[in-house]
Amino acid sequence: MMKKKNQILLIVPPLINGGIAFTREGRCQERAEVLGSIKPPLTLAYLAAIFLKNGIIFRLVDATAQRLDKDQIERELGNFVPDLVIFPSTTPTIEDDTANLLFLKKKFGAKLFTLGPHSTAIPEETLRKLPALDGIILHDVEETAQEIARTPFDQLKNIKGLYFRLNGRIVETPRREQIKDLDKLPYPAWEYFSLEKYQMPILGKSYLLVETSRGCPFGCDFCVVSIIHGLNFRQRQSKKVVDEIEYMKNRFKIETFYLWGDTVTLDEKFILSLANEIIKRKLNIQWITNARLDTINNILILKKMRQAGLWILGVGVESAKENIRGLMNKKLEPMAIEAGFKNLKKVGIKSYAFFILGYPGETTEDMQQTIDFALKLDPDFVSFYPAVPYPGTRFAKKCAGLGIIKEKCWRKLEYSNYVLQNKNLNDKIVLKMIARGYRQFYFRPKYLLRSIKTFFNPKTISPTIFSAIRFITWRLKI
């Protein structure tokens, strides 16, 4: 039976290394254990919506969320024969992702194209190292992927925003302009996913991502955001964001959302308007998002956000040492840090603080100061990450120039490892300090008592209790 042409498989690759689940969405490239869950694959949901709208034949499979192996993926596809496979990937997973999807190339003759921060940062090196990979979609991928789906492979040189392999050589096409009006994108096609597979950490409830913006003008040297979406900040209209939330709530009966953006609270008018719109419509939702601490100094706006259902705010502190934050290009004043946490406590918004240990120039004493600072700030949750030189970041270039990257294997570039070594720091020292940080933070009697009061009461539903136990226990075992 002749198959139809231009059939596209959108797939999140399977678990790696015998069962490790990774998030492969935008800037996030971490094991599920790091934050307690894999994130819904927003990029593939956008591509599915665009393909559906434009009559492109496709199938969508999240092999990580569904815990599918090679044979199960084949059964999932049934009679569907893909010409092109598009998959998100990350620095620590791209070698295994490509190897695990190679059977689709061998069985169907499908071309393998990837997207994400790693391949966007070093596309030529990635293609040279992974000969089974046929191409890379760069930066904002939606328009590029749509054009690829309609174009014969030997004519891809006419499509902007690509690196691909043709007749044994690597071809680079001109860079595509960023999507300026994000509101022109269709709503993500979440109907193609098993939404019960994506559980909000701690709450234990199904949730969805709703994008608010792309790009971040601050340019912290360790962050991959500028690689994917650039420094140019592009923001949706607040009303359009709330329209999407309301639609998703009504269609999928989901009341928990992650407002997804690189700098969500940068514009006070936007976030205030968004909160007021949620309140006006009486949506009765719960949501989380990320923010810079120096953008949450307006207590009235925070109160509105809390009233609109904001449950937890993730904030990057990175280091207690102002000189280390300066080296990171993390421009945060000490007063703004402390004021931000005080404001969140005052209005009843929970805080999740992120810190980086093992930045070049630090000593063990410096790292302990950061741990002590975390205890002083007393957020509701905390993560201590090792400094990771992700390819394409200024931090990676800095470390390469200093000659301190001990381990250059891509698989090691994730938050379970520390790959740098100099006179002050190595993997044993830094990972030991991270473990100490978790123990000192989560084992405090004050913290344990607060957790019991928060999660272990008769009115709290059991999924929330068990999710909280898993989340905190993982950190106590580190």
* Asked: What FRET efficiency comes out for the pair Asp71/Arg175, r = Cβ-Cβ distance, R0 = 41 Å, nearest 0.05?
  -> 0.55
* Determine the relative contact order of the chain: mean sequence separation of Cα pairs under 8 Å and six or more apart, normalised by residue count, in whole percent. => 13
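Among Leu77, Leu60, which comes first, then next, by fewest other beta-carbon atoms within 10 Å?
Lowest to highest Cβ neighbour count: Leu77, Leu60.
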* Choose one of Leu203, Leu44, Ile228: the residue whose Cα lies farthest towards the positive end of the charge dipole of the chain (beta-carbon charges +1 Lys, Arg; -1 Asp, Glu; about the Cα centre). => Leu203
* Which distance in nm do the two modelled labels at Asn284 and Cys409 give, with both placed 7 Å along the Cα-to-Cβ direction? -> 5.2
* Asked: Nearest 10 degrees, 0 to 90: what angle lies between the long axis of helix 427-442 and the longest principal axis of the chain (Cα atoms)?
  -> 60
* For the range 262-339, what class follows from the C-alpha gyration tensor (a ≥ b ≥ c being the square roots of its eigenvalues): rounded when a/c is under 1.5, otherwise prolate if a/b is larger than b/c, else oblate? -> prolate
* Structure fact -> Given Cβ charges of +1 for Lys and Arg and -1 for Asp and Glu, the option among Gly19, Thr393, Leu166 whose Cα lies farthest towards the positive end of the dipole of the chain is Gly19
* Structure fact -> The size of the Cβ-based charge dipole (Lys, Arg +1; Asp, Glu -1) of the chain about the Cα centre, to the nearest 20 debye, is 720
* **For the range 198-476: rounded, prolate or oblate by the Cα gyration tensor [a/c cutoff 1.5]** => prolate
* To do: Straight distance only, please: which lysines reach the Cα of Lys398 with their own Cα at less than 26 Å, same-chain residues fewer than 8 apart left out?
  => Lys129, Lys321, Lys330, Lys331, Lys406, Lys408, Lys412, Lys423, Lys428, Lys432
* Structure fact -> At the level of C-alpha centres, the distance separating the range 321-355 and the range 269-292, in angstrom, is 22
* So how strong a dipole does the range 7-172 carry about its Cα centre when Lys and Arg Cβ are +1 and Asp and Glu Cβ are -1, to the nearest 20 debye? -> 280
* To do: Taking the Cβ of each residue in Glu338, Glu33, Glu25 as the centre, tally the other Cβ atoms inside 10 Å and list the residues starting with the fewest.
  => Glu338, Glu33, Glu25
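Assuming a viscosity of 1.002 mPa s and a temperature of 20 °C, what translational diffusion coefficient in µm² per second does Stokes-Einstein assign to the chain, Rh being the Kirkwood radius over Cα pairs?
92
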* Calculate the translational D of the range 117-166 in whole µm² s⁻¹ from Stokes-Einstein, where the hydrodynamic radius comes from the Kirkwood formula applied to all Cα pairs, the temperature is 25 °C and the viscosity 0.890 mPa s. => 220
* Please arrange Thr90, Thr363 by counting, for each residue, the other beta carbons lying within 10 Å of its beta carbon, fewest first. => Thr363, Thr90
* Highest first, please rank the peptides 108-115, 165-172 by the mean number of other Cβ atoms sitting within 10 Å of their residues. => 108-115, 165-172
* To do: Note down the magnitude of the dipole of the range 198-476 about its Cα centre, charges +1 on Lys and Arg C-beta and -1 on Asp and Glu C-beta and zero elsewhere, to the nearest 20 debye.
  => 640
* To do: Using a cut-off of under 19 Å, list every residue of the range 168-203 whose amide N is near the label point 7 Å from the Cα of Lys253 along the Cα-to-beta-carbon line.
  => 190-200
* Asked: Roughly what would the spin-label model give for Phe443 and Lys397, points 7 Å off Cα along C-beta, in nm?
  -> 4.2
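Would the range 7-172 count as rounded, prolate or oblate if I go by the C-alpha gyration tensor, calling it rounded below 1.5 in a/c and otherwise prolate when a/b exceeds b/c, oblate otherwise?
rounded
With runs of 4+ DSSP H residues as the only contributors, calculate the mean residue ellipticity of the chain at 222 nm using -39,500 (n - 2.57) per run, divided by the residue total and rounded to the nearest 500.
Calculated from helices alone, the mean residue ellipticity at 222 nm is -11500 deg cm²/dmol.
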* Cross-link pairs Lys39/Lys107; Lys39/Lys249; Lys70/Lys397; Lys249/Lys453 - those with Cα-Cα distance over 25 Å -> Lys39/Lys107; Lys70/Lys397; Lys249/Lys453
* Any lysines with Cα under 17 Å of the Lys53 Cα? List them, leaving off those in the same chain fewer than 8 positions away. => Lys184
* Structure fact -> Full extension between Ser194 and Asn167 adds, at 0.36 nm per residue less the Cα distance, a length in nm of 5.8 nm
* Semi-axes of the equivalent ellipsoid for the range 270-310, Cα gyration tensor, largest first, Å -> 18, 11, 8
* Asked: How big is the gap, in Å, between the Cα center of the range 371-402 and the Cα center of the range 153-185?
  -> 33
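Read-outs throughout are calculated quantities, based only on the coordinates presented, and are distinct from any laboratory measurement. Source: prediction; values computed, not measured. Ideal geometry is used to build each Cβ from the backbone, glycine not excepted, and the neighbour counts take in all protein chains shown.
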